[in-house]
Structures are given as C-alpha cells and as structure tokens.
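The values are calculated or read from the model by the stated rules, or taken from the named source; none is laboratory data. Remember, it's a predicted structure, so these values are computed and weren't measured experimentally. Here the Cβ positions follow ideal geometry from the backbone for every residue, glycine too, while neighbour counts run over all protein chains shown.
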Amino acid sequence: MRKKLLVLSLVLVLVVGLVPMVSAGSDEETFALTIMHTNDTHAHHAPNRHGNGGVARQATVVKQIRAQVDNSLLLDAGDRFTGTLFHQQYLGQENAQIMNLLGYDAMTLGNHEFDKGDLVLGMFIDKLDFPVVSANVDASASEPLADKIASYVVLEVGGEKIGITGLTVPETAILSSPSENVIFDDDLVGAAQAAVDQMTEEGINKIIVLSHIGYNMDLAIAPQLSGVDVIVGGHSHTLLSNMYTKGVASYPQVLESASGEPILVVQAGEHNEYLGRLDLEFDADGVLTDWDGDVILLSQYITPDPAMQALIDALAAPIEELKHTPVGEAAVDLVGERGVCRTEECNMGNLITDAIRENTGAQIALQNGGGIRASIPAGEVTLGQVLTVLPFGNLISTFELKGSDVIAALENGVSQVEDVAGRFPQVSGLRYTWDPSAAPGERIVSVEVLNPETGEYEPLDPDAVYTVAANDYMRRGGDGYSMLKENAINPYDYGNPLDQVVADYIAAHSPVAPEVEGRITRVGE
C-alpha cells in the first residue's frame, strides 16, 4: 500500500501540476513560466544504490512537464563534472550528449568544470547546443575558453524575453585547476548586478541567476540584488523541499530584493536524485505575483525514457572494461573486513586515511570503518576492487577542528564498538589509545598528533586548531559525528571522489604495503 501511495503522489505532482500558493489577483496580462532545474549532478547519470535518480528518469519527467505547460526552461547550476566513472572515462564530455538530449536551455559553471583544465572545459562547451553563463568569470585571456562563457544570455520563451546570468564560486582558482588566464571576480553582487543592469537597459524584466556559490551565499546576496526574480542555486548540494524530510528548508525560499520585489531561491540537492520544478507567474511589469513548486524525486517507479536509457547504456559499456583496469599492486593483503576495521586498526584503513591526508595536505585524516566494505588480496589491484571497497561515491571534506572536538569525534567513534558499529575511526596523522571497559564518552585515554617536521607524535592540544580531512558523510554528521557537522571551521565538502583518491594513491605508491603500526591502541594491549 505504501508503494502505491508514493506512486500516486508522484503522478499527482507530475500530471495535475502544482497548485499556486501565492496570489496577487491582478487583472493585467500575466505570463506563466515553469523552471526545471538541476545542480551538482557530478556525473551521476545512472540510478543510485537505492534505485532512484538517473538521467533516463529525469528525461521522462522533463517530457511530462513540457507536455503540461506552455512555457518552460531547463537549467543547470553547475558541477556536472567529477564524481563517477562516467567522468573518468569521458572527462565530462558525455555530459554534452546527455544535456543536449534532455534539451537544457542554459547552465552556469561550477568549480569542478575546471578540474581537467581550460582545454577540456572548452571542448565540452563547444559540444553544447545551449549557452553557458557566468558574470564573474573572465576567460578572455584563455585561448580554449575565450568567447565561450557569456556574462548573460536572453532567451525567448512563449514570446517573452527571459534574461539569464550566472555566478561561479570565486575560490575555483584554489578548488580546481583553471589556468591562471581565467579570472574569478569575488564581487558577486557587483558582477551579477552589472549583468542584470545591462539586461534591464535592453527592456528585459524577467531575470534568473544561475548560481554556483552555495545556499548561504545565495541567501546573503539575494536582498542586495535589484531586478532579479529567481536564484537557481548549486555548490552546497542543498535540498529545499516542502514534501521530502531530507529538505533543509522550504521550497522556494522567498526573500525581498533590493528593489522591494520578491526574489526566490531554489536548489535541488545532488547527484541527479531530484529535479526541481518552480512554477511562476509574472505581471505585465515582470514582477512575480504567483509561485509554487518543489523538487520531484526521480523515483525507481518512474519508467526511464527509452532514448536516454539507450544513450546511458552505450556510455556505460566501456566503463565495465574500465573497472578491470589495473591501478597498481599490493605487496600485502589489504584487510577491510567488517569485524576488523570496525573494532581496531586495519591496514586498509591506514591506506585510505594516508591517501586522504596526502591528497589534502591535512594534519589529520579520519575514515569511518563502516565506509570500508571489502578486502583486497595481495597482487594486482584493479579500479573495480577499489570501488568495491569504497562503493558510496563519497567526496573528501576538508575543514579545521579544535583539538577538543577531535577528541569528541574519537569518543563517538569508539562509543559503540561492542555493536561493531560503522563509526569506528581509522586515522592518519594521529594515534590514540582507548579503554573499552570505560563508559561511552569516557573511553579515550590519550591522543597524539604527528609533527610533520620531526616525524614524532606529540600530545594533542585541546585548545589548538588542526586541519582535518574526512569523507563528506562523516563531515555532515553521519555515524553520529555531529561535532564535525556543528563545530567544523571553514568546511569544504566537495573535494575529490574518495575512490579516485585512493586509486591514485595506490598507483603512485605501488606496490603498497600498509602495516598495522600502532595508530590505534586498546588499553591492556
């Protein structure tokens, strides 16, 4: 019965449409527009491990919505690149085929679009049937990107002109790999407003910002902008929803712009699990008078679009071969067994955390034992084996943390060892002693941090601040690590895929031979 109810609610959303919640009652001529939107898809073209999501189901829903409404746009707020083997196989170029088949109308650039440099991004843009916009990116001095990124674009929909501009996180120069010829303006309001003002001078009074700067920044800049109606956001992987409990706030967020008019902020989660749908109505002056919407779960019960499924199947075929690609060798068995990595130090945990620390340069790396799902025998190591060990598609998070919170994290990690809980912490750059006979929350006996200059371990200072890296599941509070979610300083949750980092580490250090070396000690051992 529950499955039938879920399907019924989805059909009602898609077929009946969304009932307006806000009404102005104007007699003037109005214009209705439906915005469909995605963000932070990160090459997750196929369904996730729960069976939901994927671009074939997205195509089905997009076609249904287009059949319902007269005027629509399909927009993307960036970070199509990096995250699955699709990206490793095609370096993001497959996104062009997928997005063209879906009929996207515009996108902005995320930081990960620059991961393989200007040339690869330029090749991607050349393949697109629609424009790329970002008002704060100046790529005029980059030969592969010159004249390919517009400050704004004006699209005609149902006889009306719709202006679209974009924003890209200014830290892209640090977070990714653009050339030094690409300039990122950190005056986000100034860059966006300049583009909006130009469109306004052209008589455009319906304007959308595609933003890849994060939800909190969207909320911060929205009241400072004039003439903008909607911010379609990305970068923070934020799910806004009225229907789904995973949503952090209601959809849309409604603010007042600098000109005193409504400005709406939306975002649709991550990894192509949801499609955002925002229904709008404008008066004759281009002011929003009516709006409603929510994200739509691309449920496993939605029939995939045949044409898109055929494309994904064709793209996926070489990936099966990629999984058999050797990445290096192991001189010893890499032990990732549940009963070991969730209760004590394991050499697979040491390998993974060492890889994280080397990739990020952090002082401390943490990995929950429950995120380690298999062992690898000595000998040749393939990419498929690495993916079996790390199947969750986690990204690496970096942040700063007070020593006292590091201790709290370790206390959480050893608090349920009797239940072989997945929170047990494997570590690098750190060693700790714990007492299983003590009460949970009082089990950590001592903690020491590696001094990279001397190569010696020194007592952790509870008042000092350390640089830390972990998988994004832990950083967001998974497995009880609430202190990482609540007390992390300057967190960044969108680093490289963990499986890719580990595979690269094995390749760089083959044959790998991690040892159990006393990073984790039980009292009495």
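Looking at (1) surrounded by fewer than 18 Cβ atoms within 10 Å (Cβ to Cβ); (2) in a strand (DSSP E or B), find the lone condition where P440 falls short.
All conditions are met except number (2).
Take the residues in segment 249-272 that are closer than 24 Å to G83 by Cα and out of contact with any Phe, Trp or Tyr (no Cβ under 8 Å at 6 or more places or on another chain); name whichever of them is surrounded by the fewest Cβ atoms within 10 Å (Cβ to Cβ). Reasoning before the result, please.
Taking segment 249-272 first, the residues closer than 24 Å to G83 by Cα are 266-272.
Applying the additional criterion that residues be out of contact with any Phe, Trp or Tyr (no Cβ under 8 Å at 6 or more places or on another chain) yields 269-272.
Details: G269: 25, E270: 23, H271: 20, N272: 27.
Once the filter is applied, the top-ranked residue is H271.
Among the strands (runs of 3 or more DSSP E) confined wholly to segment 256-316, which include 3 or more residues that are in contact (Cβ under 8 Å) with a residue 12 or more places away in the chain and among the charged types (D, E, K, R)?
In segment 256-316, 274-282, 288-297 are the strands (runs of 3 or more DSSP E) which contain 3 or more residues that are in contact (Cβ under 8 Å) with a residue 12 or more places away in the chain and among the charged types (D, E, K, R).
When you go through A409, A503, A469 one by one, which is the residue that is surrounded by 19 or more Cβ atoms within 10 Å (Cβ to Cβ), in contact with a helix residue (DSSP H, G or I) (Cβ under 6 Å, 6 or more places away or on another chain) and under 16 Å from A362 (Cα atoms)?
A469
Output the number of residues of segment 321-348 satisfying the condition of being more than 24 Å from the chain's Cα centre (by Cα), farther than 30 Å from Y432 by Cβ and part of a helix (DSSP H, G or I). Walk me through it before giving the result.
In the first step, residues of segment 321-348 are kept if they are more than 24 Å from the chain's Cα centre (by Cα); the result is 321, 324-348.
Still in the list and also farther than 30 Å from Y432 by Cβ: 321, 324-327, 329.
Now restrict to residues that are part of a helix (DSSP H, G or I): 321.
Within segment 321-348, residues that are more than 24 Å from the chain's Cα centre (by Cα), farther than 30 Å from Y432 by Cβ and part of a helix (DSSP H, G or I) number 1.
Name the residues in segment 156-196 that are closer than 30 Å to T30 by Cα, touching a helix residue (DSSP H, G or I) at 6+ places or on another chain (Cβ under 8 Å) and assigned to a strand (DSSP E or B), would you?
Matches in segment 156-196: G163, T165, L167.
Of the residues E448, E515, which is touching a strand residue (DSSP E or B) at 6+ places or on another chain (Cβ under 6 Å), of a type in the set (D, E, K, R) and surrounded by fewer than 20 Cβ atoms within 10 Å (Cβ to Cβ)? Can you show your working first?
Working: E515 fails: touching a strand residue (DSSP E or B) at 6+ places or on another chain (Cβ under 6 Å).
Exactly one residue qualifies, and that residue is E448.
Charged (D, E, K, R) and in a helix (DSSP H, G or I): which single residue out of E486, E448, E458 fits that description? Reasoning before the result, please.
Working: E448 fails: in a helix (DSSP H, G or I); E458 fails: in a helix (DSSP H, G or I).
That would be E486, the only listed residue that is charged (D, E, K, R) and in a helix (DSSP H, G or I).
Here are some residues: L239, L264, L255. Which one is touching a Lys or Arg at 6+ places or on another chain (Cβ under 7 Å) and at pLDDT 95 or above?
Being touching a Lys or Arg at 6+ places or on another chain (Cβ under 7 Å) and at pLDDT 95 or above holds for just one of L239, L264, L255, which is L239.
Filter segment 60-91 for residues that are closer than 21 Å to Y492 by Cβ and buried (at least 23 other Cβ atoms within 10 Å of the Cβ); which is modelled with the lowest pLDDT?
That would be G83.
Quick test for you: out of L401, L460, pick the one residue that is within 30 Å of F81 (Cβ to Cβ), buried (at least 16 other Cβ atoms within 10 Å of the Cβ) and either touching a residue at least 60 places away in the same chain (Cβ under 8 Å) or more than 21 Å from the chain's Cα centre (by Cα) (or both).
L401
Tell me whether segment 187-204 contains one or more residues that are at pLDDT 95 or above and either within 21 Å of E143 (Cα to Cα) or among the basic types (K, R) (or both). Walk me through how you get there before you give the answer.
Keep residues of segment 187-204 that are at pLDDT 95 or above, which gives 187-204.
Subset that is either within 21 Å of E143 (Cα to Cα) or among the basic types (K, R) (or both): none.
No, the conditions are met nowhere in segment 187-204.
Given (1) assigned by TED's automatic domain parsing to the domain that holds G422; (2) surrounded by fewer than 23 Cβ atoms within 10 Å (Cβ to Cβ); (3) touching a Leu at 6+ places or on another chain (Cβ under 7 Å); (4) of a type in the set (A, V, I, L, M), identify the lone condition not met by I364.
Of (1) assigned by TED's automatic domain parsing to the domain that holds G422; (2) surrounded by fewer than 23 Cβ atoms within 10 Å (Cβ to Cβ); (3) touching a Leu at 6+ places or on another chain (Cβ under 7 Å); (4) of a type in the set (A, V, I, L, M), only one is false for I364: (2).
Within the group E171, E113, which residue is surrounded by fewer than 16 Cβ atoms within 10 Å (Cβ to Cβ) and either of a type in the set (A, V, I, L, M, F, W, C) or over 19 Å from Q224 (Cα atoms) (or both)?
Just one listed residue meets the conditions, E171.
Checking E380 against (1) surrounded by fewer than 23 Cβ atoms within 10 Å (Cβ to Cβ); (2) assigned by TED's automatic domain parsing to the domain that holds P491; (3) in contact (Cβ under 8 Å) with a residue 60 or more places away in the chain, which single condition isn't satisfied?
So the condition that E380 fails would be (3).
Restricting to segment 104-155, name every residue that is assigned to a loop (DSSP other than H, G, I, E, B), closer than 26 Å to V62 by Cβ and in contact with a strand residue (DSSP E or B) (Cβ under 6 Å, 6 or more places away or on another chain).
Within segment 104-155, Y104, D105, T108, L109, G110, F130, P131, S134, I149 meet the criteria.
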